[in-house]
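Some notes on the structure that comes next.
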Amino acid sequence: TTGGTAPYTLSQLQALVNAGNFSDIYVGDEIRVNIDSKLVRFIVMAIDWYINVCDTPLTSHHLVLVPKDILGTARMNGTDTTKGAYIGSEMFKTHLPEFATKISTALDSHILTWRSLMSHEISTTATAAGCSGWSGCTSNWAWTDTNCRLLSEVDVYGSSICGNVFDVGESNRQLPGFAMNPELLVKLNPEDNSRYTWWLCAV
């Protein structure tokens with residue numbers, strides 16, 4: 001990580017997090033690992049963000065990490081459909097588990113599984129929130145185990161843009177990393193002026 005008296009090894013960092021000792025860990029720090037023989041930097045976006053949240057309260061100390069570098073590319077679905085909403089998407093069922101495995105390996109298995117409230121049904125006739133003239137939006141949600149998920153609109157922007165309440169769930173606050181450094185909203189890698197297109201979980 002960067003900042004404070006870092007760098008730490010992953011084992012040292014994990015020991016600090018497990019102990020709830022965040023005296024030298026800051027929002028905006030980076031965790032640097034190799035994935036597929038490429039340096040990938042994760043930004044610490046929040047600290048203990050989901051403590052006592054979810055239907056089964058999360059009690060483990062933790063960091064919320066967002067990749068600063070591209071992990072890879074993947075489609076949301078194989079066809080032009082939103083059937084099944086987020087949980088029913090190819091992204092959630094196939095691609096994110098593949099990325100989660102790579103991330104877990106890179107972080108020496110220091111990755112938590114938690115309960116997240118995510119959309120699983122679509123109404124094809126309801127008016128899409130925030131998108132005048134569009135029809136179709138999420139209509140139900142469910143608590144689901146996850147260890148890697150797409151960000152919600154609220155995680156990033158602090159409010160819903162095109163999604164509705166079923167696209168937000170417990171991810172209903174803007175992550176401090178985005179609030180403190182709004183440049184990350186359009187450029188997760190400001191150093192090389194990169195602008196990436198990235199998926200959010202809102203349908």
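If the condition is being within 25 Å of Val186 (Cα to Cα) and either out of contact with any strand residue (DSSP E or B) (no Cβ under 9 Å at 6 or more places or on another chain) or without any contact (Cβ under 8 Å) to a residue 12 or more places away in the chain (or both), then segment 124-133 contributes Gly130, Ser132. So in segment 75-85, with the set limited to residues that are open to solvent by less than 40 Å² (accessible area, probe 1.4 Å) and in contact (Cβ under 8 Å) with a residue 40 or more places away in the chain, which one is nearest to Trp143 (Cα to Cα)? So, considering only residues that are open to solvent by less than 40 Å² (accessible area, probe 1.4 Å) and in contact (Cβ under 8 Å) with a residue 40 or more places away in the chain, the one nearest to Trp143 (Cα to Cα) is Ala85. Pairing residues of segment 97-123 that are under 18 Å from Leu10 (Cα atoms) and among the acidic types (Asp, Glu) with residues that are at pLDDT below 95 and outside any strand (DSSP E or B), at Cβ distances under 8 Å and at least 6 apart in sequence or on separate chains, gives Asp108/Leu10; Asp108/Ser11; Asp108/Gln14. Flag set for Asp108, criterion: acidic (Asp, Glu) and farther than 11 Å from Val203 by Cα.
Only one entry of Gly72, Gly78 meets the criterion of being modelled with pLDDT under 90 and small (Gly, Ala, Ser), and that entry is Gly72.
Of all residues in segment 120-140, which are at pLDDT below 85 and either aromatic (Phe, Trp, Tyr) or within 17 Å of Phe92 (Cβ to Cβ) (or both)? Trp134, the sole residue that qualifies.
Mind checking whether some residue in segment 136-159 is under 15 Å from the mean Cα position of the chain (by Cα), open to solvent by 70 Å² or more (accessible area, probe 1.4 Å) and free of Cβ contacts under 8 Å to residues at least 60 places away in the same chain? Yes - at least one qualifying residue is present in segment 136-159. For the condition over 26 Å from Val168 (Cβ atoms), within 14 Å of the chain's Cα centre (by Cα), open to solvent by less than 60 Å² (accessible area, probe 1.4 Å) and acidic (Asp, Glu), Asp69 qualifies.
Just give me the residues in segment 151-182 being part of a loop (DSSP other than H, G, I, E, B), in contact with a Ser or Thr (Cβ under 9 Å, 6 or more places away or on another chain) and closer than 21 Å to Ile51 by Cα, in sequence order. Of everything in segment 151-182, those that are part of a loop (DSSP other than H, G, I, E, B), in contact with a Ser or Thr (Cβ under 9 Å, 6 or more places away or on another chain) and closer than 21 Å to Ile51 by Cα turn out to be Leu151, Ser152, Val168, Gly169, Glu170, Ser171, Asn172, Gln174.
With the condition kept exactly as written, say whether any residue in segment 86-95 is within 14 Å of Thr146 (Cα to Cα) and loosely packed, with under 15 Cβ neighbours inside 10 Å. For segment 86-95, residues within 14 Å of Thr146 (Cα to Cα) and loosely packed, with under 15 Cβ neighbours inside 10 Å: present.
Mind checking which residues of segment 36-48 are modelled with pLDDT of 95 or more and either surrounded by fewer than 18 Cβ atoms within 10 Å (Cβ to Cβ) or over 20 Å from Leu151 (Cβ atoms) (or both)? Listed by number, the list holds a single entry, Asp48. The test for being open to solvent by less than 40 Å² (accessible area, probe 1.4 Å) and at pLDDT 95 or above does not hold for Val33. Of the residues contained in segment 42-60, none is found to be in contact with a helix residue (DSSP H, G or I) (Cβ under 9 Å, 6 or more places away or on another chain) and free of Cβ contacts under 8 Å to residues at least 24 places away in the same chain.
The values are calculated or read from the model by the stated rules, or taken from the named source; none is laboratory data. Keep in mind that this is a model prediction, so the values were computed, not measured. Reconstructed Cβ throughout: ideal geometry from the backbone, glycine too, with neighbour counts over all protein chains shown. We work out accessible area using only protein heavy atoms, side chains counted, and drop any ligands, DNA or RNA first. Shrake-Rupley method; radii C 1.70, N 1.55, O 1.52, S 1.80 Å.
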